[in-house]
Amino acid sequence: MEYRVAVCEAVPQAVLRVPREVRQDRLGADLAAGMRELVTVAGRTGLVACGSPTITYRQSVPDGETVEVDFAVPVEPGAALGPRSGAEVIVTPGTLVARTCHRGGYDGLGGAYTALREWLRISGHRPIGPPTEVYLVGPDEVADPKRLLTEIRVPVAPPTAVTVDLDIVFDRAVTLVREALRAAGFEILGEMDLQATMRDELGAPGDRHLVLDACHPRLTASAVAVDPQAGLLLPRAVAIREQDGRVRVEAADPAVLVRATRHDDLQEVADEMRHLLAAALDGMGRPADDLAELTEM
């Protein structure tokens, strides 16, 4: 089965939460029992369900024969639950999530989790919480496992760097990075040899690791005209380091920091700077004319 992964913003919502344990060898029966309990508790307390039921794993990845999970269902808030109910109504915060859908029985959910892990590895997004399964079509609705529809969500943080891996020697990578940045309109203001610093100060040899201080004069001038502190919000470090027999090049993503600080006036400049950095790294090794044409797109 082919899995497509998308990123979206999950909105805050009130949910009825019931903690339970489920067994991997009887997952379908335990899920159905948990969902029935959700319906029972909601009905007993006057809550009205307004969405699909979910389970959220207490650990980051489901593992082992018995797993502790939180059953939940979105509800219209308004009722109070007593301490003996074993349940509570909470408001889940809004967060960025990566999600994919699995159609079929629960014994095949592992493929969806594998696809999510691979997507996270490639995209650079970081998981920041345990996964949640949303039962869009659950076992209480259909008898045929092939008709089950389950969405898997993982809360994520966006990548903080624009990254490219190169299968070339370190010195050649440094040369290509310098050429690519200059072709994209950046100037190299300075550099720091982290390997030499760690060797001299700590006696630790380490892998080769160079950090360039790159500046885009036009965009920096535009940003500073908006806010004199913009230099602090538009990181321009480009790191070149050896990793697992390859060379990894990482440029700090200015759009992420500006977005996180909600500095909306600088977002357009930051987005353009990110585009230029991404184009420069993507165009590594291309002729300068080709790269200049790419960065003007």
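If exposed GluC sites (Glu not before Pro) are those in a DSSP loop with at most 13 other Cβ within 10 Å, what is the longest stretch of the chain that has none?
On the way: sites that count: E2, E65, E141, E296.
The reported range is 142-295.
Using the heavy atoms of the protein chains and a 1.4 angstrom probe, tell me the accessible area per residue for the chain in square angstrom.
On the way: 16170 Å² over 297 residues.
On a per-residue basis, the chain sits at 54 Å².
Using the alpha carbon gyration tensor of the chain, what are the three equivalent-ellipsoid semi-axes (square root of 5 times each eigenvalue), largest first, in whole Å? Kindly include the intermediate steps, with their values, before the conclusion.
On the way: eigenvalues 448, 100, 65 Å².
One finds semi-axes of 47, 22, 18 Å for the chain.
If each of Q229 and M192 carries a label point 7 Å out from its Cα toward its Cβ, how far apart are those two points in nm?
The answer from the label model is 2.1 nm.
Based on alpha-carbon positions alone, could you give the equivalent ellipsoid semi-axes of region 125-283 from the gyration tensor, as √(5λ), descending, whole Å?
38, 24, 15
Per the Cauchy relation, a quarter of the hull surface: what is the mean projected area of the convex hull of the alpha carbons in region 126-190, in nm²?
Details: hull surface 35.1 nm².
Approximately 8.8 nm², given one-decimal rounding.
Considering only C-alpha atoms, what is the centroid distance from region 200-270 to region 97-138, in Å?
31 Å
On each of the three principal axes of the Cα atoms of region 1-44, give max minus min coordinate, whole Å, ordered largest first.
36, 31, 14
To the nearest 500 deg cm²/dmol, what mean residue ellipticity at 222 nm is calculated for the chain from DSSP H runs of n ≥ 4 alone, each contributing -39,500 (n - 2.57), summed and divided by the residues? Let's see the in-between values first.
Values: 9 runs with 102 residues, N = 297.
Taking each H run of at least 4 residues, the total per residue is -10500 deg cm²/dmol.
Between Rg and the Kirkwood Rh of region 76-193, both from Cα atoms, what is the Rg to Rh ratio?
On the way: Rg = 23.0 Å, Rh = 19.1 Å.
Value, to two decimals: 1.21.
Could you tell me how many cubic angstrom of Cα convex hull volume region 197-278 has per residue? Could the numbers behind the result be given before it?
Details: hull volume 9.4 nm³, N = 82.
Enclosed volume per residue, from the Cα hull, is 115 Å³.
Treating the angle as unsigned and between 0 and 90°, give the value, to the nearest 10°, between the Cα long axis of helix 267-282 and the longest Cα principal axis of the chain.
On a 0 to 90 degree scale, this one is about 70.
Quick one: what are the phi-derived ³J(HN,Hα) couplings along region 150-166, Karplus 6.51/-1.76/1.60 with θ = phi - 60°, whole Hz, x for glycine and proline?
For region 150-166, the Karplus curve yields 10, 9, 9, 10, 10, x, 9, 10, x, x, 9, 9, 8, 10, 9, 10, 10 Hz.
The values are calculated or read from the model by the stated rules, or taken from the named source; none is laboratory data. Small disclaimer: the values here were computed from a predicted structure and weren't measured. Don't worry about glycine lacking a Cβ; one is built from the backbone with ideal geometry, like all the others, and counts go over all protein chains shown. SASA here: full protein model, heavy atoms, side chains in, ligands and nucleic acids out. Shrake-Rupley method; radii C 1.70, N 1.55, O 1.52, S 1.80 Å.
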